[in-house]
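The structure under discussion appears below in the form of structure tokens.
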Amino acid sequence: AEDVMAPPSAAHPLGQDDIGRDVLSLTIYGARVSLLVGFSSAIIIVLLGCVVGLTAGYAGGRTDLGLMRVTDAILVIPALPLMLVVISVAGRSLNNIILIIGLLSWTYMARVVRAQVLSVKERQFVMRARALGVASLGIVVVHVLPQVLPVIFAEETLDVSFAILSEATLSFLGQGIPPTTPSLGTLIRVGNEYLFSGLWWITFFPAIALVVLVFAVNLLGDWMRDALNPKLR
């Protein structure tokens, strides 16, 4: 009991939390959970965004109009309140958090992909394939998608950081991942209860880890954007 909420020391470099657990170990575990949420949600975002963006951009006409109106309708709704409402109905499990963030966050990816497709589909090699009678699906997969992939890869890293921050915000509000599977957001929320008692390390180090994690992911995204898109070099 005497080691509970102990400050940083040689034995515990980042101190201990309210029940005596090592904050360093918790921070590492929480970062792993946050990354799992970030990358898993980003995969859903990319899949949905690519399907909608590729279909809308290449098909055009009423298909494009209909898909973009649905995208706009979701885009205008504030993401956080919508996530809170869905979570209150679906529950707070890890899988639910991943699905909810992914299913409600694909709209920007869809718009980016659509914009790229609108540019690529008018190029000569696409028009030549269309004139030769190649099926639309084949043109999209073989000719259009490879041209859009660099932008998708670059944007995906931003989706990872957005998902990490979304989960951290939800957990800080008490509507994220259950405490039995602590993420960085959960650790920050728990530590915040003791912040004004002078036990700053319980929330400070997970918060710093979250900032560094998101910053690193954004730097990776900037590097990929520069490396994969010659126009931005």
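Considering only region 1-37, state which residues are touching a Phe, Trp or Tyr at 6+ places or on another chain (Cβ under 8 Å) and under 16 Å from THR181 (Cβ atoms). Please lay out each step first, then the result.
From region 1-37, those touching a Phe, Trp or Tyr at 6+ places or on another chain (Cβ under 8 Å) are 5, 7-8, 14-15, 18, 23-24, 27; that's our starting set.
Listed by number, the list holds a single entry, THR27.
For region 117-233, which fully contained helices (runs of 4 or more DSSP H) count at least 1 residues that are on the phi > 0 side of the Ramachandran plot and open to solvent by less than 60 Å² (accessible area, probe 1.4 Å)? Steps first, answer last, please.
Working: elements: 124-131, 136-139, 145-172, 184-192, 201-228.
Correct list: empty, since no element meets the threshold.
Would you please name the residue that is nearest to LEU199 (Cα to Cα), looking only at residues in region 7-35 that are in a helix (DSSP H, G or I) and free of Cβ contacts under 8 Å to residues at least 40 places away in the same chain? Give the steps one after another, and end with the answer.
Filtering region 7-35 for residues in a helix (DSSP H, G or I) gives 23-35.
Subset that is free of Cβ contacts under 8 Å to residues at least 40 places away in the same chain: 25, 28, 32.
Working: SER25: 17, ILE28: 19, ARG32: 24 Å.
Going through the qualifying residues, I end up with SER25.
Cβ-Cβ below 7 Å, separation at least six or inter-chain, first residue in region 66-81 and of a type in the set (A, V, I, L, M, F, W, C), second assigned to a helix (DSSP H, G or I): which pairs?
LEU67/VAL52; LEU67/THR55; LEU67/ALA56; MET68/ALA56; ILE74/THR107; LEU75/THR107; LEU80/THR169
Looking only at region 71-106, count every residue that is in a helix (DSSP H, G or I) and open to solvent by less than 80 Å² (accessible area, probe 1.4 Å) and tell me the total.
Going through region 71-106 one residue at a time, the tally reaches 20.
So which residues in region 87-136 are touching a residue at least 60 places away in the same chain (Cβ under 8 Å) and over 29 Å from GLN147 (Cβ atoms)?
Residues satisfying the conditions are ILE87, SER88, ARG92, SER93, LEU94, ILE97, ILE98.
Failed condition for ALA11, given (1) among the aliphatic types (A, V, I, L, M); (2) under 30 Å from ALA154 (Cα atoms); (3) modelled with pLDDT under 90; (4) open to solvent by 50 Å² or more (accessible area, probe 1.4 Å), with all others met?
All conditions are met except number (2).
The values are calculated or read from the model by the stated rules, or taken from the named source; none is laboratory data. Keep in mind that what you see is a predicted model, and the values were worked out from it rather than measured. Here the Cβ is made from the backbone with ideal geometry for all residues, glycine too, and neighbour counts use every protein chain on show. The accessibility values were calculated without ligands, DNA or RNA, using every heavy atom of the protein model including side chains. Shrake-Rupley method; radii C 1.70, N 1.55, O 1.52, S 1.80 Å.
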